[in-house]
Every structure is written in C-alpha cells, then in structure tokens.
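All remarks here apply to the structure that follows.
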Amino acid sequence: MSAKFISIEGITRRFQAPDGSQTTVFEDIWFAIARGEFVCMIGHSGCGKTTVLNILSGLDLPDDGAAIVDGKAIEGPSLDRAVIFQSHALLPWRTVLGNVAYAISSRWPKWSRSQVEEQARRFIDKVGLKGAEGKKPAQLSGGMKQRVGIARALSIEPKILLMDEPFSALDALTRGTLQDEVRRICLETGQTVFMITHDVDEAIYLADKIVLMTNGPEAMVAEIVENPLPKERDRNQIHRHPAFYAIRNHLIDFLVSRSKTFKSEIPADYDRRKPPVILPQNQPQPLPPSHEAGRKVA
Amino acid sequence: MRQTSLRLRAGIVSLGILLIFGLAWHLAVSGSGPTQQMDPEYAKLMGQTAVQGKSAMPGPLDVLVKIWSHLKEPFYDRGPNDKGIGIQLAYSIGRVLLGYGLAMLVALPLGFLIGMSPLMARALDPFIQIMKPVSPLAWMPLALYTIKDSSISSIFVIFICSLWPMLINTAFGVSSVRKEWLNVARTLEVGPFRRAFTVILPAAAPTIVTGMRISIGIAWLVIVAAEMLVGGTGIGYFVWNEWNNLSITNVITSILVIGLVGMILDQALARVARAVSFPE
Ligand SMILES: Nc1ncnc2c1ncn2[C@@H]1O[C@H](COP(=O)(O)OP(=O)(O)OP(=O)(O)O)[C@@H](O)[C@H]1O
Ligand SMILES: [Mg+2]
C-alpha cells in the first residue's frame, strides 16, 4: 500500500482581481493521502478548501506545484476521481435514474442500456432511494438530492471520492443517516476519500486524518491531526472513547483561535513540506489549551 | 374545484363580452341614419347605404355568413384573383414555416457558437446589434432585386425576421448554462458533442424555445405585410385584394382567421416550451 496515493506537492493558487491585483489563496501546500484513507479538511470559510478540492478533481489547476495521483500529475478531470458537489449539481431535466445512469454511461460507454440501468438501480438502492428512481430532482428533498449525488459519484466506482461539504445543507437527523451510509459504503469498498467539512463532529466520526488549514488569504496547512478513535466506531458511542474530547477540543481550539494566530507564531521546526502530525491523547477535563496536549508523532 | 369554477366564470364573462360586442356592432351598423329622397335609378346605383341609411360596414351576421361560405369551400381556385381563403392561408403558412425553418437551421448552430465562444460573441455582436432593429420589410427591395422571385423574397424576409430572436436567445441560453452542470460533465469526461446535446441543449432549451416562440409571432405578423407588398398569393394579398374589392366582410373574416392561425402557432410553441421546461 502506497503511503502517498494522493500527493499534494507545493500547490499555490492565486486569483486575479478585476483591478489587476493578485490574491494568493494558499501557497506551497503539502500533504498526502494513502490508499483507502478517509481524510477531512477543516478550515474557516474562504481559506481555499474548495479550491484545493477543485485542483484535486482537475476542475482547476494550481499556479505552482502539482497534485499527484498514483504517480501522475493531475492535468484535468478524470472519471477516476468522482466529485460530490456541495450544491448536489443534479441535472434537473433528468430523473434520479437518469442522473445516475448518465454518469455510468460516461464511465462505460460500451455498456448496454440494461447494464447501465442495473448498475444505476444497484447504487440507488445502496443510498436508500429505492422507489424514487423516476422522480425529478425538483421533487426530492435536500437529503434525497444529496443521496442521488452520492449514488452518482459511487456508481462509477471511482478510485477517489472528493466531497465538498456534502452534508452541510442538511438537517441534523438526515446528516447523521447519510454520514452513516457514506461511512459504511466507503469502508466496504476501501474507498479513498477527501472531504471538506465545517463540522468538527463529522470529521471525528468519519476521518482517519484531518488536515487543518489556517485562515486565508495565503492559507497554509497548520497540521495534520490523526484520529485516535479506532476505525470501527459507533456514532452513539464515540463520545465515550477516552480520546474523543482530546481530539474534539483540539479541533475546536484550532478553529476558534489558532487558525488565526498560527501564521504569526509558526513553530521553529515547522516544515511546509511535512506539516506536523498530531495525535491527540486522552486527558482529564476541562482541557488546557490542547495544542500542547497533542503528542507529535512525526 | 376552485380552479374549475374560476375557469367557468371566466368563460361566462368572455361569452358575455362577445355578446355585448356583437350586439353593439350589430346596432351600430344597422340602418338608422336619415333616408334621403333621390331618384330611384340613382338610389339603385348607390345601394342600401344611401337609401336606407345602412352603414357600408357589414354587421356580425354578414361576417358569420361569410365565414360559413368560406368554411364550406375553403380551397376553391378560380384564377389568380379568386382563390379560397384556405389556399391563401396555406401559402402564407408554407412561407412562414419555410423561412422559419431556415432561420432555425442558421440560428441554432450559430447561437451555440456565439454562446460558447466569448470571442465569437464579441466579434459578431456589432453585426447583430445593427441588423436586429431593421424592419424585415426593409430587406424586401434588396431581396426582390437579388432573388427576382416575389414568393422566395417573402420567405427570405420571414427568414430574416425569425433569425434574431432565435439567435440571441440561443446564444444567451447557451452562455448561461449553470457552471455546476458543466462541471458535472467535465468530471465525467463527457466529450464536446455529447456535452452539447446532453447538458447544454437541455439546459438552454427553455430559453431557446422562448426565442422560437417570439420568432414565430413576429414571422406571422410580417408575412401579412410582406404579402400585401409583393402580391400574388397568401393571406396578406387576400386582405389587400378584398380591400380593393371593397369586401369589408372578407377583410374582417381574414382578420379573424389571421388571429386564429397566429394563436395556433403560438400555442404549438407554448406546448414545446412546456415539454422542454424543467423545474429546478
Ligand atoms: N474564480 C475565482 N476568482 C477569484 N477569486 C476566487 C475564485 N474562486 C475562489 N476565489 C477566492 O479564493 C478564496 C478561497 O475560496 P474557496 O471557495 O476555496 O474557499 P472555501 O475555503 O471553500 O470557503 P467555504 O468554506 O466558504 O466554502 C476566497 O477568498 C475566494 O474569494
Ligand atoms: Mg467551499
């Protein structure tokens, strides 16, 4: 198993404002994702998370550096990397079945209509939408639309799943159910996943590793947090795990204060190419500033 | 329930308006003016208008009788100046559909090109801006001079007037396809042709059909004027010819028929618009 299935190597993205001035969204970012790993990225709005994901999907290109998948630099979109869009991006003139089938027939153009339909139905079942195949997106609730987006992305059996805040527009109950489903499917298939989220609990429940981005502009990867929870986790039990509050407080602490201040107090041994990897450990409550509570493992 | 009763009530009101209008029309044109004393021979020449004070304007009943006679025999042909109203309509509809179809063949691909290429959009914009406001009839002399056939010239005029709304709407529809739908196609590695037909066309279809609906309306307005101008055949020529014959009944009948056909054309495209529309 390659430890660097996906490797982000020094990517920089700048945008030109209409008045000619340039803003650097982020600069010289490095991190890697192993095969089968579930990685979440957390950071404040506008720090460039979507931009990173767009570069990974091939919809956008970095101004500098490269995103490398399986040893090859990403040059454009690929069917190997499926995207679940924040706005679900379903084609409104197609039915649920039509939307999923469109992706499948793009992936396997030689498949017969019945083969495509069978695969589509299988994945529609998988996300619990049996019976809604003939509905148009406008007839679906937000959660159902997001499910179609998930079915569409998974149905092409991609090597990598990219998700941009897929659940942020949903109510808590639907979000929980969908998180469970995505987690189950990804575990079953050993899917490599990169997901953006604002929700700390979502990251803890789903991720193996969490990439922390500082505030933009000129955002950077502050550190990479390893999830101390075992891979087998139960949503209703994880808060009992001794390390749960350690990682939770560490993440919240980062979002509340350190995402702002990190750049002005960069640790002396900080290396952009190897952002520190932190494994938050059990600790008594209430917590001290959890930054020190983390143990460096790399 | 509520809706049907509204529809019913609206229908009753419509019928009421029609009856009041018909009655007013009937009263307005039936004899009431002072009857003049005149030589019976002269009175014979002058007809009822003069002797009974009857208006030259036909009443609604005259028009109904006329319509009935046209309905009984819409397609008769007794020489160049006496053809059934059905034949004349068929000529006009044929010209409109031909010119409109040609305009579609040009406007849809060209609109796609303009909508997809910002360069072409800018390059063609000045031509479109200048040509669009020109009355299509202004093209008639040029068409007659170069084509030398009055019928084809009117088809050309229909072509020109149908072109602009379709072209502009197609370009607009294509250029404003939602980025996220295009991104879906990109992440699925959909090729340019498949993308054009499976994403851009359905996404832009409602806008395109709106342009087509505007075009057919304009084309139907213009064909009457064009045929009045060049003569020969067609409902426009028919109206003018009947005016020259002083047959106001026929003129009124034509007005009603022109309105009816225009409504049918518009409704046909409204149906297409409903078929391609999608709720978001
Ligand atoms: N096409 C663009 N042109 C100019 N600036 C852009 C463009 N796309 C993004 N930006 C800028 O880049 C920055 C990062 O944007 P991005 O969408 O990646 O943020 P984000 O971290 O995903 O935020 P959010 O959490 O709100 O989705 C923002 O300041 C934004 O204004
Ligand atoms: Mg974003």
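What follows draws every value from the coordinates through simple rules; no lab data is involved. As the structure is a computational prediction, the values presented were derived from the model and not from experiment. We place every Cβ from the backbone using ideal geometry, glycine too, and count neighbours over all the protein chains shown.
Restricting to the stretch A:187-237, what's the tally of residues that are away from ligand 2 (no atom under 16 Å from the Cβ), more than 16 Å from residue A:277 (Cβ to Cβ) and among the polar types (S, T, N, Q)?
5
Quick one: count up the residues across the stretch B:222-258 that are in a helix (DSSP H, G or I) and without any contact (Cβ under 8 Å) to a residue 40 or more places away in the chain. Show your work before the answer.
Here is the first cut: in the stretch B:222-258, the ones in a helix (DSSP H, G or I) are B:222-230, B:235-244, B:248-258.
Okay, now just the ones that are also without any contact (Cβ under 8 Å) to a residue 40 or more places away in the chain, so B:228, B:239-240, B:242-244, B:251, B:255, B:258.
Qualifying residue count, the stretch B:222-258: 9.
Do you know which of the residues in the stretch A:20-60 that are under 13 Å from the mean Cα position of the chain (by Cα) and of a type in the set (Ser, Thr, Tyr) is farthest from residue A:85 (Cα to Cα)?
The residue in question is A:51.
Output the number of the condition that residue B:267 fails; it satisfies all remaining conditions of (1) away from every other protein chain (no Cβ under 14 Å); (2) touching a residue at least 12 places away in the same chain (Cβ under 8 Å).
(2)
Considering only the stretch A:156-164, I want to know if a residue exists there that is away from ligand 1 (no atom under 16 Å from the Cβ), more than 15 Å from the chain's Cα centre (by Cα) and either surrounded by fewer than 17 Cβ atoms within 10 Å (Cβ to Cβ) or more than 29 Å from residue A:51 (Cβ to Cβ) (or both).
Narrowing the stretch A:156-164 to residues away from ligand 1 (no atom under 16 Å from the Cβ): A:156-161.
Checking the rest, the ones that are also more than 15 Å from the chain's Cα centre (by Cα) come to A:156-157.
After this cut, where a residue has to be either surrounded by fewer than 17 Cβ atoms within 10 Å (Cβ to Cβ) or more than 29 Å from residue A:51 (Cβ to Cβ) (or both) as well, the list is A:157.
Yes, the stretch A:156-164 contains at least one residue that is away from ligand 1 (no atom under 16 Å from the Cβ), more than 15 Å from the chain's Cα centre (by Cα) and either surrounded by fewer than 17 Cβ atoms within 10 Å (Cβ to Cβ) or more than 29 Å from residue A:51 (Cβ to Cβ) (or both).
Condition first: more than 25 Å from the chain's Cα centre (by Cα) and within 14 Å of chain B (Cβ to nearest Cβ). Now tell me which residues in the stretch A:120-138 satisfy that.
Narrowing the stretch A:120-138 to residues more than 25 Å from the chain's Cα centre (by Cα): A:121, A:130-136, A:138.
Hits for the stretch A:120-138 are A:135, A:136, A:138.
Checking residue A:162 against (1) within 16 Å of ligand 2 (Cβ to nearest atom); (2) under 27 Å from residue A:281 (Cβ atoms), which test does it fail?
(2)
Taking residue B:185 as meeting all but one of (1) in a helix (DSSP H, G or I); (2) of a type in the set (Gly, Ala, Ser); (3) closer than 27 Å to residue B:163 by Cβ, write down the number of the exception.
(3)
With (1) buried (at least 18 other Cβ atoms within 10 Å of the Cβ); (2) assigned to a helix (DSSP H, G or I) as the list, and residue A:239 as the residue in question, which single condition is left unmet?
(1)
Okay, residues lined up against (1) closer than 19 Å to residue B:190 by Cα; (2) touching a strand residue (DSSP E or B) at 6+ places or on another chain (Cβ under 7 Å); (3) not β-branched (Val, Ile, Thr):
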{"site": "A:53", "(1), (2), (3)": "no, yes, yes"}
{"site": "A:63", "(1), (2), (3)": "no, yes, yes"}
{"site": "A:70", "(1), (2), (3)": "no, no, yes"}
{"site": "A:73", "(1), (2), (3)": "no, yes, yes"}
{"site": "A:78", "(1), (2), (3)": "yes, no, yes"}
{"site": "A:103", "(1), (2), (3)": "yes, no, yes"}
{"site": "A:107", "(1), (2), (3)": "yes, no, yes"}
{"site": "A:120", "(1), (2), (3)": "yes, no, yes"}
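Filter the stretch A:35-76 down to residues that are away from ligand 1 (no atom under 16 Å from the Cβ), in contact (Cβ under 8 Å) with a residue 60 or more places away in the chain and under 15 Å from residue A:9 (Cα atoms), then give me how many there are.
Residues that pass the stated criteria total 3.
Can you find, within the stretch B:197-240, the residue that is nearest to residue A:94 (Cα to Cα) among those that are touching an Asp or Glu at 6+ places or on another chain (Cβ under 9 Å) and not hydrophobic (A, V, I, L, M, F, W, C)? Lay out the reasoning, then the answer.
Step one: of the stretch B:197-240, the residues touching an Asp or Glu at 6+ places or on another chain (Cβ under 9 Å) are B:213, B:216-217, B:220, B:233-240.
Those left that are additionally not hydrophobic (A, V, I, L, M, F, W, C): B:213, B:217, B:233-234, B:236-237.
Working: B:213: 24, B:217: 30, B:233: 46, B:234: 43, B:236: 44, B:237: 47 Å.
Restricting to residues being touching an Asp or Glu at 6+ places or on another chain (Cβ under 9 Å) and not hydrophobic (A, V, I, L, M, F, W, C), the top hit is B:213.
Return the residues of the stretch A:12-35 that are within 16 Å of ligand 2 (Cβ to nearest atom) and either under 19 Å from residue A:273 (Cα atoms) or not in a strand (DSSP E or B) (or both); say none if nothing qualifies.
A:13, A:25, A:26, A:29
In the stretch B:184-194, what residues are of a type in the set (Gly, Ala, Ser) and either without any contact (Cβ under 8 Å) to a residue 12 or more places away in the chain or more than 10 Å from chain A (Cβ to nearest Cβ) (or both)? It would help to see each step written out before you state the result.
Our first condition is that a residue be of a type in the set (Gly, Ala, Ser); within the stretch B:184-194, this holds for B:185, B:191.
Scanning the stretch B:184-194 gives a single hit, B:191.
Only one of these is farther than 30 Å from residue B:86 by Cα, away from every other protein chain (no Cβ under 14 Å) and either in contact (Cβ under 8 Å) with a residue 12 or more places away in the chain or in a helix (DSSP H, G or I) (or both): B:159, B:197, B:172. Name it.
Numbers: B:159 fails: farther than 30 Å from residue B:86 by Cα; B:197 fails: away from every other protein chain (no Cβ under 14 Å).
Selected residue: B:172, the only one of B:159, B:197, B:172 that is farther than 30 Å from residue B:86 by Cα, away from every other protein chain (no Cβ under 14 Å) and either in contact (Cβ under 8 Å) with a residue 12 or more places away in the chain or in a helix (DSSP H, G or I) (or both).
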